[in-house]
Amino acid sequence: MKIHNIPFKQTGYFSNLICDYLDKKEGLTSFYEGYPSINGFRKQLELKQNFSVKNRTVLVDSLQNQYKSISVSKGTSENVKLLKQDTTFTITTGHQLNIFTGPLYFLYKIVSVINLTKQLKTEFPSKNFVPVYWMATEDHDFEEINYFNFKGQKVLWNRESSGGVGRLDLEGFDSVFEAFSNKLGNSTNANYIKQLFKNAYLKHSNLTEATRFLVNELFGKYGLVIVDGDDTNLKELFVPVVKEELLKTTSFIKVSETNEKLSDSYKIQVNPREINLFYLKNNLRERIVKDGELYKVNNTTITFSEEEILNEVENYPKRFSPNVILRPVYQEVILPNLAYIGGGGELAYWFQLKSNFSSLEIPFPILMLRNSVLLITEKQKKKLDKLNISIDEIFYKQEVLINKKVKEISEVNIDFTNQKLFLQEQFKALKKVALKTDKSFEGAVNAQEKKQLNGLQKLEKRLLKAQKRKLTNEVERVKAIQNELFPNQSLEERSRNFSEYYLELGDNLIPMLLEALDPLKQQFTIVEY
């Protein structure tokens, strides 16, 4: 295995906001607390050192209850118990309940949190660090999670959905399993994948249980702790924030103020509601809105007076679900958390939240970009080498890459730069003459220069096009290898499922990633295996 790293900015796949953050651009510092470095974590430990003893106790009790139905590894069991100690802290990532983990980057998120906890333990041996996966059980975007891609084809769970996705029963998964298993073949690794899928989705009652089982099977041996926030006891810890949200609309005010400042330079990821809570009950998940003196559950006939809704919060805290603005706050209330590891889109909305955290007097976590990975086989690397394509170049947009390679291998010089420079020198002499005559002649000279340069530009493009036709074989080989590595001209981690690589690598896949990825390096990783 060989590891290559390049800056995230160099890939062309990450936003200006994320690239500026990684570059520590001064204008962004007010939107986050600490930078993901060892020194940043040293300061973050001080901020989080007074985390509530009561909250730790409730967290551990809730987790032990959530794990009752599955086999728990020794590492995970010990990590859950350690959370009671005031010297124990978490590193967290979160993700939707995509069936069979969804895109590859789900694995990279979890590998990132596991590896970071190991690195922090080395740096701070007197502390304990627990990797956490937060299941987005209360989410309702079913169309985003009801499929995964396998070898370019969609494996779909097709059914009606309402309410929080974690509560969905697993009706219809027998046909999903049949469709998927038919694509896998009968190798040892294929049979393991089939059994894993069957045990997760055909032997549990809802999507939360299935996802917990699946992720525990893949990562339990590394001490990963899986948290389901759709929990009455954990929600009780969040009651003060829920009441604040209902009575003062604090998050709407604070996030709106931040958005106004942030939007001067960057695209805003999410916009706050006046009340950033859903009402969650059975198969219902609808926004809570204020209408005069009444609180209403959107698209229903359910209404509350102020007194009634506060009583509802006290008596049934599980019925109140935070949206994207408040979910991070909920997470930080119930976890002794130091950092959140997420993708570029996730971190973009976290930058909008710091002011709201400050107003609620809750420490803001370090924001950390997850590891991103391109997996390249030795065979694929040899193809790149034969085509003289470097690791950096493979990230170019396809047209740019093809043009560059055609120019390199063409026997004809396609670059007309010298001709353009020569032409500009000739027109310099004409411009000197023009200065001695009237303005109309000067304008004619400038117009003619522009016309001639445009003509050369068009000729250069036509010559390039002609050479592409002549070098069709080489062009197609460049396209083929890039399309292998970047399906649909995008990062493979955003579309492919881990099962494609498990078929080939089996039990070596996750250990290989754990060995290859360094979250503190904050660079894109290319793994050649």
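For the range 194-206, what does the Karplus curve 6.51 cos²θ - 1.76 cosθ + 1.60, with θ = phi - 60°, yield as ³J(HN,Hα) per residue in whole Hz, taken in order and with x for Gly and Pro?
4, 5, 4, 4, 4, 5, 6, 9, 9, 10, 10, 9, 8
Over all directions, average the projected area of the Cα convex hull of the range 98-255 and note it in nm².
For the Cα atoms of the range 98-255, the hull's average projected area reads 12.8 nm².
Counting only residues 5 or more places away or on other chains, whose amide H sits under 5 Å from the amide H of residue 524 once H atoms are built in the peptide plane?
Close amide H contacts, sequence-distant or interchain: 6, 8.
Using +1 at the C-beta of Lys and Arg and -1 at the C-beta of Asp and Glu, which of 340, 371, 181 has the Cα lying farthest in the positive direction of the dipole of the chain?
371
Please compute the modelled spin-label separation between residue 232 and residue 3, points set 7 Å along Cα→Cβ, answer in nm with one decimal.
With each label placed 7 Å out from Cα toward Cβ, I get 4.7 nm.
With viscosity set to 1.002 mPa s at 20 °C, what whole-number translational diffusion coefficient in µm²/s follows for the chain from Stokes-Einstein and a Kirkwood radius over Cα pairs?
In µm²/s, the coefficient is 82.
Using Cα positions and a limit of under 21 Å, work out the lysines in reach of residue 458, with same-chain residues fewer than 8 apart set aside.
Within the straight-line cut-off, residue 458 pairs with 404, 405, 407, 420, 450, 468, 470.
If you wrap the range 379-492's Cα atoms in a convex hull and average its projection over all directions, what's the area in nm²?
Seen from a random direction, the Cα hull of the range 379-492 projects 9.2 nm² on average.
How big is the charge dipole of the range 1-135 about its Cα centre, in debye rounded to the nearest 20, if each Lys and Arg gets +1 on its Cβ and each Asp and Glu gets -1 on its Cβ?
Charge dipole of the range 1-135: 340 debye, to the nearest 20.
Multiply the residue gap between residue 85 and residue 420 by 0.36 nm, knock off their C-alpha separation, and tell me the result in nm, one decimal place.
113.5 nm
Using 0.36 nm per residue, how much length does the chain from residue 178 to residue 74 gain when fully extended, once their Cα-Cα distance is taken away?
This chain segment gains 34.1 nm when fully extended.
Along the Cα→Cβ direction, 7 angstrom out, place labels at residue 452 and residue 264. What is the inter-label distance in nm?
Output for this residue pair reads 4.7 nm.
At R0 = 45 Å, how high is the FRET efficiency between residue 315 and residue 118 if r is their beta carbon distance? Nearest 0.05 is fine.
0.60
Calculate, for residue 390 and residue 248, the FRET efficiency according to 1/(1 + (r/R0)^6) with r their C-beta to C-beta distance and R0 41 Å; round to the nearest 0.05.
Working from the Cβ atoms, E equals 0.15.
Relative contact order of the chain, please, whole-number percent, based on alpha carbon pairs below 8 angstrom and at least 6 residues apart.
This gives 24 percent for the chain.
Beyond 29 Å between alpha-carbons counts as too far, so tell me which of 43/248; 198/383; 248/354 fall in that bin.
From 43/248; 198/383; 248/354, over 29 Å: 43/248; 198/383.
Arrange the following residues from fewest to most other Cβ atoms within 10 Å of their Cβ: 181, 69, 62, 126.
126, 69, 181, 62
In nanometres, what is the gap between the two model label sites at residue 257 and residue 29, each 7 Å from Cα along Cα-to-Cβ?
Placing both labels 7 Å along Cα→Cβ, they lie 2.0 nm apart.
Coordinate-derived values only; no laboratory data. Remember, predicted model here, so these are calculated numbers, not experimental data. Reconstructed Cβ throughout: ideal geometry from the backbone, glycine too, with neighbour counts over all protein chains shown.
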